Each structure stands twice: as structure tokens, then as C-alpha cells.
Amino acid sequence: MATDNQGDKIEKYDLKLKSKPKDGVILQLHHTIRGSNGESKRIRFSIGTFEDTHNKLACVDNIGNVFVLDFADLQFWKLKSLGPCTALHFVPYDLDILVVATAKKFEIKFVDSELAQVTTILKGHTAPINHISFSNNKVNNLLTASSVEAILWELKNYTKYFTLNTYPGAQIQQILFTPAGDFLVACFQNDTIQIWKHETMKSVKQIIPSELKHLKSVAFTMNGRAMAISGLVPVLILFSMDTWKALKSIDLLKYNISGVQKISFIPQMFDGGSNKILALLSSDCFLYFFDIELFKIIHTIHPESSGIRKFVVSPTGRYFLCILQQGEVNIYNTSYVMDYAKKPKNISTNKVLPCTSGSHKCVEHSPERAEVQQRMKICMDSARLRRILMQYGEYPDKFRSIIWRSLLVTPRNKTAYTVLVDKGIHPAYKDIEKQFTIHSSITLKNLKRLLSCLAHWCPLFGVMKFLPGFVFPFVKVLQKDPLLLFESVATILFNQCQLWFEYAPFPPISILAMVENILAEHDQQLLDHFCNLGVTSQTYALKILETAFSEVLTCSEWLILWDHILSNEPAFILMAVVSYNIVQKNALRRLQNQDQIENFFHMQNPINKKSFLKKTYVLLNDTSEDIHPRRFFKSFMALDKGSCYQQFTEYPKATICLKLAKKTRRKAQTSNNYTLKELTTKSQEEEINKRCIHETVSTESYNSEKDFNENNNIINSSKINKKNNQSIGDHNSAVKEELIDSILNSSTKHSHKSKRKFHNKKNRTDCVDSKDPAYPHSSKKTSERNHNLEKEVEKLIHSYSSSDGSEN
């Protein structure tokens, strides 16, 4: 909320535009107030003007209320009434300032549209001012004109330096600068057109059309090479400003137009300033769109509620408005209107032609695809696209991918791309989601596919850690066409990223040195500030390059910057890095340590994109040839068209191969490293396997010995029963010795038998002493078995003793 010079607050209100209306009207304005008796009273709008850079519109009603509409922020507000106004215009070099011509004292007031403050007042006219025009080559020159006089003002000192007076019968109908600002053109009431040289104000040409009477209006194409002349007589004359000759005279009666009140060219995308669509406001208050190439009317606007009294076209042709006779204002989006005009009026999109058979219809198909592509190729000429970019500042979102494809000359090698995709996800990017937080699964899939294709195409791109962050914004913009995405990124790596990988995987020393030299030439103080803080070009340049500006710019700013990068030579991207630092130098100088500066280049800081781009072009043109990057860069090189892509060789192959070998070895070592828990589990598994083998062997031996022991126990029991007269202690010891001796003798024999039994079995060879079968007691397993037998004998004796004692 702002305040005016009286202290009143300016309150801003929300604005809602229609989304893609059929007739192109995105907004309708009308001003209604309550009368003293409570009745509604409508106040008519009289004039309006556009400012396309910030998408603003200013309209004035009959009592002097100035309304400002901001289409970018979707807000509107009302300035304090200045009294009835007759003309209105935004200042081109200070877009918040409005030039307002008042009707009472014939004054010219400069009003700040954001603060509602009158900053300057110019006086000198003797009649109401109807025309305001600024020169494009001298921005401080202002032209204001009434019907009886025209004044040229020097805005540096706010003084007038030339006055043009007229005589009765030759009053001014219209006066304005040509688009380039070289000439001043005036249309007079006596059907004469006078042209002056701006610098000297000397007359260079006078045009008196013999067949055209009652002149009312002239209009220029944006490139200033053609002029259209019209009047109340139904004739339209096209005039060449290069040859000063008439090109064409068009009879408007063929199109049912009896006369013209005003004309204006409507700039279109891809017309390069040589506009083809001319808007004509006819005498019957209809607005016609006339194609001067095809000589036909392509669209007509005639509101049902009221006729059109005036119309105004924005400087770039993005919008236009119609002020109706009842006082309302209809605001149109030009692209919507043109789309609506191109649609066929009937329901069917195909043209039905007569056929010889009465039961069938023949259909005329649309032009072949090859023909359409050829026409697009002609329209997408790089030089023509650059002119459009310089005119509008950016490419339209709707056609950006097509334009980028044309600028990068992508070959559309579907076969070669399919081969790369079929190789699958590259191991280097298999777990890329662990490094980045990507919420969209589709974006993640496209990112993986792009990185994998790049790594399969060239091994270098499998080891460069910054690559995912560099390509990610391109994935967001071009992911609907994966082939275009890959070929665009590959072409950018070939051209805009020249010398980046000269010392890979180490930083690009040559690139950083270029950036530092350019900064030293254009802003030594900022470079000294970096040096005092120990900040190197790896911080203020490499961080920006490795993220392709995506960390320091918003989405819209990033798209606009890359429109310019791709439309210019490869060195432009380095100039953009230096430009960003210089434009942000006031903020950078306030940072007092290295950490603060590093954080600065990882944030989206507010920046004036217009100043940023302007400074980039200044650096591109004014940098000395000794340090200019174009001296070291190659010219643009597109991808080859064919069944495979050319190799990317601008990197040290030996170093990258060594790095890949180390990475593979490290991965193998990592796979052999176990944690303590894993080692414990592994040892336990080995021990269990050994015990299973041992128990298998022991079980078989033990079963055979058990059978033999049972027989011996029976024999020994019978012997023991015969010695009842001996003492229990002597009896037990004798039986024990006898049993042990018999078991040992039998176990020796059994040991030989079992060794022969298992000697030929490979999986049990460890259980047999194959070196010396004559000495079974040397085997550890045999000694253990003997010990077990002794225990069994002791148990048997003990049980026998117990049973013997009970019998006694």
C-alpha cells in the first residue's frame, strides 16, 4: 500500500482475468458510481495506454480518474483524480511514470503510478494535447502535440527545444516518431503527410496522395520499413520508407469498408518486425484484422452491446483494448483472438469435396508433414528468432521447446537414441534418488534415463558429480520429449560447455581464468573484494556454472536467460556469470566472510533481469579480444544426423579411465568388507556345517560299536554272575579292566574295518587317518571314542552293581 503526496493511502485490489475466452476478451472495465438519489451512474472511459515490460495498463475516465491495472501481479488501483485528461503514455525508460495531458490548463504531468505523486509539470501548449510520443533512439526526447501545435521536449532539463505551429485548414490529425526514432511524421487535415529528420528537424519528404482524401491515420511496422495510410475514403495505401514510394493501393470497398478512422499494425510472433496484420477501425465502428500479404480480412470484432469508438494496441502486440461508445473497455489477449480467428467456422475440420460416387464423400487432408516442417524451418531461422528475442525479451512458453530445437539444430536421431536407452540404467546413477529429493516419480525416471544415456554415450559423464544438478532444470522443461531433452543437453555440452572437462575430474582452470580476467577488466573493485576474503572463482563462477544458474535464478528468470544463451555464441554463458556478479555487487560487498559468499551463490537472490541481460550483452560486445572467450572457443557445432552420435572427446581419457578403474576396485573392496555381525554369522554357519559332517560320521561309527558293545555286555554279565564269592570292589575293578581290554581290542578291529569302508568316500576323508592305519590310537577321534566307551562301561558296571546289591 502506498501514499500520495496528500498522505492518502493507495489501496490495491485483486484482479481476475478470464482464462482463454473464446472471443479473446480477458477483462471488461466499467466505472459505476452512486448518484445523490441512490441511482447508478456509469462514467465512460476515454483513453488508455499499455506498458508491456511489466504488463500494465492505464485507463482514464471522463472525470479524470486514472486506473492502473497490473496483469503480472493481478492487481489494480486508482490514482487521485487529475481532472479530465486528453492523452496518456508510459515513460519507456522509467516504467512506473505516467505522462498525463490534462484538459483544463493544457499541462503535461508526470505521475508516479505506484506512489500517486506528481513529479514534474510541463507547460507550453495552447490547446488540448491529443498526441504523446517518445523517441526510441533518444529516450529523453518527448513529442507532445495538439491540433494546432507540436512541441519537442528535452527531458534532461525539462525544456522545449522545437515548436511546430500550423495554420488554419492544416491542423494536425496525427504526429509521431517512426519506430527507429530517425524521423518525425505528421498527418495534416489538408491531406498532406510531412516527414522531418529528427536530428536536424529538416523536412525530407512530403506525401500528397491523389486518390486518398480526408486523411485520418498512419501506422508503421515495428521495423519501420513500411507505412500504411488511411482516411475516410475507402482506400488503403502501403508506403515503403526505404524507397519513399507507394507499394500498393487497396480498395476497401471490396471488403465492405466504407472508410477508416484509425489503423495500427499488430505485431505477431515470428514476423521479425515486418508485421502482416493491420487493425482497421471502420467508419461504422467495426474493428477489422486485415492481412496485407493475403489481402483478406481474417477477423472482425463488432460487440453486440455497442460500437467501438477507439482502440489501442500494446507496443509488442500482446494485448489490445477497445473503448466502446457506451464507455466500457474490452481488453483482449491478441494470441487468443488470433487463435479464434484461425479456427474454421464450421464444425468439421476437413473440407468436403464432391465425388463421382453419390454414396461417398471425399476428404481433403491437411498438408503433408514434410511441407509443414519445411515452412517451420523457414520461420525458425536463427537470425529471425534473435530479432524476435531482442524485440520481446523472451520466447513464448508455448513455442519455447520448438524454438530451442531449431536453435540447437537437433538431428532427431531416434535409432541412435534408442540404442542408448536400451542399455538400461547406468550403474553410476542407479541410486540417484538417494542424492536428490525428487518428489515426482516421472521426473526422477526421466532424470535417470537422461544421465544413463549420457554416461553410455561417453564414460566421462558417469563420473562428473555435478552433472545431475546441471541437467535437472532441462529435465523439468523438456521432459515431455525425451529425445529432444537428450540431444539438447548433448549439444549444450558440446558448445556452451567447451573446455569444462579439459582437466576432468578437476575444476576447469581455463574457464575460471577467463571469468576472472573478464571480471578484472570490468570491475576490479569487486575482484579485489573477493581476493581480500579469500574467495576464488570456484565460488563465484564455478558454482553458478555447475548448476546452470538454476540455484540463483527463479524459474521464469532461468528460462529467459537460457533463451538468450542458446540464441548467442557459446561465450555468452561466461559473460552471464560475470554479469550476475557485477549486477549483484552491492549485495556482495556487504558480505564479510567466505561462508556468507558461498551461501549467497546457493540462493535465489532478487535481481533485475533486464539490467542483468543488458549488462551481459555489454560485456559480450565490449570485452577486449585478448581475453574474450570467443578467442578460445570453437564455433557452434550441432550433433550429426545418422544412426549414431559422434563421440565426445574433449576430456583426458587416461585420467577418466584411471578414475573408473579405482571406482570399480573400490566397489569390489566394499563388497568384501563385512561387519562384525556378518562375520559372526558367517563363522557360525561354517561351524554348523562342520558339526553336521562330524555327527554324520560319528553316528555311523557309534551305531556299529553299539551293537558290538551290547553283545559284549551280555557275555560279561554272565561272567560276573559266576564270581559271587569275591568282594564288590575287587569284582568291579576286574570286570572294568576285562571289559576295557575286550572293547579296545574289538574297537581296533572295527577301526580298521571302518577305515576301509570310508577310505574311498571323498567327502569323509578327513575322518580317517590315511597315513598310518596300524596305529589307530594316534587319531584324536579314536581317543575321543575310547573315552566315550570307558564312560559307557562305567555306567554299565554301576548299573550292574546296583542290581547285584539289590539281589544280595
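The values are calculated or read from the model by the stated rules, or taken from the named source; none is laboratory data. All figures in this text were calculated on a predicted structure; none of them were measured in a lab. Here the Cβ positions follow ideal geometry from the backbone for every residue, glycine too, while neighbour counts run over all protein chains shown. Surface areas here come from the heavy atoms of the whole protein model, side chains and all, with no ligands, DNA or RNA. Shrake-Rupley method; radii C 1.70, N 1.55, O 1.52, S 1.80 Å.
So the values come out like this:
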quantity	calculated
10 Å binning of all Cα-Cα separations within segment 182-338, expressed as whole percents from 0 upward	10, 40, 36, 13, 1
Amide N of segment 62-98 lying under 16 Å from the label point, which is placed 7 angstrom from the Cα of residue 306 along Cα→Cβ	62-65
Protection proxy ranking of 150-163, 549-562 - average other beta-carbon atoms within 10 Å, highest first	549-562, 150-163
19 Å cut-off, amide nitrogen to a point 7 angstrom out along residue 622 Cα→Cβ, residues in segment 496-530	515-528
Rough spin-label spacing in nm, given labels placed 7 Å along Cα→Cβ, for residue 342 and residue 138	4.2 nm
Residue-normalised accessible area of segment 54-192, given per residue in Å² at a 1.4 Å probe	39 Å²
Length released on extending from residue 159 to residue 634, taking residue separation times 0.36 nm less the Cα-Cα span	165.8 nm
Segment 103-119-segment 535-591 distance, computed between alpha-carbon centres (Å)	39 Å
Cα centroid separation, segment 10-29 to segment 197-261 (Å)	35 Å
Paramagnetic label zone (point 7 Å from Cα along Cα-to-C-beta, residue 442; backbone N under 18 Å) in segment 475-512	475-486
Net charge of Cβ neighbours under 12 Å - reference residue 500; Lys, Arg +1; Asp, Glu -1	-3
Extension reserve of the residue 431-residue 200 stretch, reckoned as 0.36 nm per residue once the Cα distance is removed	76.1 nm
Accessible area in square angstrom per residue, segment 471-556, 1.4 angstrom probe	35 Å²
Rounded if a/c under 1.5, otherwise prolate or oblate - segment 228-295, Cα gyration tensor axes	oblate
Cβ-defined net charge surrounding residue 250, 13 Å radius [Lys, Arg +1; Asp, Glu -1]	-1
Spacing of the two label points (7 Å from each Cα toward its C-beta) at residue 532 and residue 14, in nm	4.9 nm
Extension gain (nm, one decimal) between residue 23 and residue 190, 0.36 nm per residue minus Cα-Cα	56.3 nm
Label-to-label distance, nm, for residues given as residue 180 and residue 409 (7 Å Cα→Cβ offset)	3.0 nm
Packing rank of 109-122, 480-493, where each peptide gets the mean count of other beta carbons within 10 Å, highest leading	480-493, 109-122
